[in-house]
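Trainee: Take this structure, written in structure tokens, and hold onto it; I'll ask about it next.
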Amino acid sequence: MTLIASISGIRGIFGAGLDAGVLARYTLAFGQWALSRQHHLPPVVVVGRDARISGEVCAEIVIGTLRSVGLDVVDAGLAATPTVAMGVLHARARGGIVLSASHNPQEWNALKLLNEKSEFLSKEQGERVMVAAGRAPARHGDRFGVCRVRSYLAMHVEAIAALDFFDAVPVRKRRFRVLVDGINSVGGEAIAALLMRCGVRPEDITVLNGEPTGRFAHPAEPLPENLEDTMQAVAASDCDLGLAVDPDADRLALIDEHGTYVSEELTQVIAADFLWRRHSGPFVTNLSSSCAIDDVAARYGQEVHRSAVGEINVVKTMQQVGAILGGEGNGGVIVPELHFGRDALVASAMVLQHLAEQGCTLGELRATLPRYALTKNKVRLSNPDAALGRIAAGPLDDGGMLSTIDGVKISFAKSWVHLRQSNTEPVVRIYSEAQTRHEADALACRYAALLQAVDKDGQG
């Protein structure tokens, strides 16, 4: 049985932990929470889903449960997570539910819960819903909500077109040829619609894995090891670039004109390099994202702020510092002028606009950006909390700067290591970055050994 419950919702394998009863219980808790607050807003919740094979059945359960407690529902159907977020704002809804397990395999599904601001629930909001889900079911009233169907994709695309940096003219003049990998979900149609609004001709758009069957052609996370066929297709089709998304299209990975994968870590860096040419203002990312963003910020004299890992943590820090842009190193770009959530559509628009205005290829743009090697490892410990505490207590390596915002991060001049406890298993994750893979591996090995040593010492 697999079910992971957290403040942002629940996820699991449908039929093996995630079943109709679980979906109804958590949806009921969210619905009651939505009804209990924001009385100035209509009692509406927007529901959308990616193309997973369990999605239609799960959506029927979720919609029926929300209606049973008196909430009206806007069924956005097959829709990217950022499109559902835009729908919440457009409908002035009390919240939204996205049925998507993001990059998990196709047999997984999840409830992603959004508040009335279209943000993932805060810690306090999420805890209220989780507590309510553990109680006896609430009583249903005598009013049943209604359901109407509405697609928000066109509205989402037009909202991007209304941003002050958008200008389809230079993109149209470049006559880009673009390949999109839609991973057999909602991203194929969504990114293609965005590209056409940007000025790319329909005949110059190739959609790979575009049919939304929910049977993913390759592992869903847009990482280089999962995109080998896509990279080959970009090179073979003589395209200018490739755009690859995850199943709910909130993350964007890039492939250059040679079929070379451009690190997910650089999607937010390219977006920042583009926007800082127009506007000054802070950028926010999480502690585990590449320091390439710091190098680019230095070119423009701008600030970078770091938050704990997790999209809502990035968003809250963005709001605190008045950031003009934010993101995560997993290919997520957050444009607050649009909505406070990762959005592969707006990220695609920024990349195309940047290439058109600079008159360069993606490969040439990549060559102007900092190069780092980032590694991800983990160690299993008997007492992760105690081991991290002992590492934080020092002593630090010479020149190291300590952060304990989220686990332990130690930063050096051109490298860093981040140690944080997993939310799902008794391990400490070790992220390390340096200018070469050898240096990053050495840093990870050093701190893995330190963690194991202090953990063993603590048992003695």
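Just so you know, all these numbers are worked out from the coordinates, no wet-lab data involved. This is a predicted model, so every value here is computed, not measured. Counting neighbours? That spans all protein chains shown, and the Cβs are built from the backbone with ideal geometry, glycine included.
Trainee: Give the order of Arg148, Arg143 when sorted by the count of other beta carbons within 10 angstrom, beginning with the fewest. Don't jump to the answer; show the numbers that get you there.
Mentor: Numbers: Arg148 10, Arg143 13.
Fewest-to-most Cβ neighbours within 10 Å comes out as Arg148, Arg143.
Trainee: Given a Förster radius of 45 Å and the C-beta distance between Ser6 and Glu357 as r, what FRET efficiency does 1/(1 + (r/R0)^6) yield to the nearest 0.05? All intermediate terms of the calculation are to be shown ahead of the outcome.
Mentor: Details: r = 40 Å, r/R0 = 0.90.
Between Ser6 and Glu357 the formula returns 0.65.
Trainee: Sticking with this one: Per-residue counts of other Cβ atoms within 10 Å, averaged by peptide: what ranking do you get for 172-185, 57-70, 361-374, highest first?
Mentor: Numbers: 172-185: 21.9, 57-70: 19.4, 361-374: 16.9.
Averaged packing, sorted descending, gives the order 172-185, 57-70, 361-374.
Trainee: Could you give each residue of segment 2-18 its phi-based ³J(HN,Hα) in whole Hz, using Karplus coefficients 6.51, -1.76, 1.60 with θ = phi - 60°, and x for Gly or Pro?
Mentor: These are the phi-based 3J(HN,Hα) values: 10, 8, 10, 10, 8, 5, 8, x, 10, 8, x, 8, 5, x, 9, x, 9 Hz.
Trainee: Assuming R0 = 30 Å, can you tell me the calculated FRET efficiency for the pair Asn383 and Arg437, based on Cβ-Cβ distance, to the nearest 0.05?
Mentor: Values: r = 31 Å, r/R0 = 1.03.
The computed FRET efficiency comes out at 0.45.
Trainee: Among His39, His354, His418, His305, rank each residue by its count of other Cβ atoms within 10 Å, from fewest to most, as a rough exposure measure. Let's see the in-between values first.
Mentor: Working: His39 9, His354 19, His418 24, His305 15.
Lowest to highest Cβ neighbour count: His39, His305, His354, His418.
Trainee: What's the percent breakdown of Cα-Cα distances in segment 3-151 across 5 Å bins, shortest bin first?
Mentor: Here the calculated profile for segment 3-151 is 2, 11, 22, 26, 23, 13, 4, 0.
Trainee: Pairs of alpha-carbon atoms within less than 8 angstrom and 6+ residues apart define the contacts here; what relative contact order does segment 373-459 have, in percent? Walk me through the numbers on the way to the answer.
Mentor: Working: 151 pairs, mean separation 32.9, N = 87.
Reported as a whole number, the value is 38 percent.
Trainee: Can you work out ³J(HN,Hα) from phi for every residue in segment 241-247, in order, using Karplus 6.51 cos²θ - 1.76 cosθ + 1.60 and θ = phi - 60°, giving whole Hz and x for Gly and Pro?
Mentor: These are the phi-based 3J(HN,Hα) values: 6, x, 10, 10, 10, 8, x Hz.
Trainee: Within segment 285-311, find all residues whose amide N lies under 20 Å from a label point positioned 7 Å from the Cα of Thr368 along Cα-to-beta-carbon.
Mentor: Of the residues in segment 285-311, 291-303 have backbone N under 20 Å from the label point off Thr368.
Trainee: Sequence-distant or interchain residues sharing an amide H contact under 5 Å with Val427, placed H: which?
Mentor: For Val427, the qualifying residues are Ser422.
Trainee: Can you list residues from other chains, or at least 5 along the same chain, whose modelled amide H is less than 5 Å from the amide H of Arg177?
Mentor: Asp240, Leu241
Trainee: Express in whole angstrom the spacing between the alpha-carbon centres of segment 62-134 and segment 169-198.
Mentor: Cα centres, segment 62-134 to segment 169-198: 27 Å.
Trainee: Quick one: if you stick a label point 7 Å off each Cα along the C-beta vector at His90 and Glu127, how many nm between them?
Mentor: 3.5
Trainee: List Leu114, Leu451 from most exposed to least, where exposure is judged by having the fewest other Cβ atoms within 10 Å. Don't jump to the answer; show the numbers that get you there.
Mentor: Details: Leu114 30, Leu451 22.
Listed from fewest to most nearby Cβ atoms, that is Leu451, Leu114.
Trainee: Over its Cα atoms, what ratio of radius of gyration to 2.2 N^0.38 Å does the chain give?
Mentor: Values: Rg = 22.1 Å, N = 460, 2.2 N^0.38 = 22.6 Å.
Ratio of Rg to 2.2 N^0.38 Å for the chain: 0.98.
Trainee: Below 8 Å between Cα atoms, with a sequence gap of 6+, how large is the relative contact order for segment 156-367 in percent?
Mentor: Working: 449 pairs, mean separation 44.5, N = 212.
Relative CO of segment 156-367 lands at 21 percent.
Trainee: Beta carbons within 10 angstrom, averaged per residue: use that to sort the peptides 163-171, 47-55, highest first. It would help to have the intermediate numbers written out before the result.
Mentor: On the way: 163-171: 15.0, 47-55: 25.1.
Descending mean neighbour count gives 47-55, 163-171.
Trainee: I need the Kirkwood Rh of segment 373-459: take the reciprocal of the average 1/r across all distinct C-alpha pairs and report it in angstrom.
Mentor: 12.8
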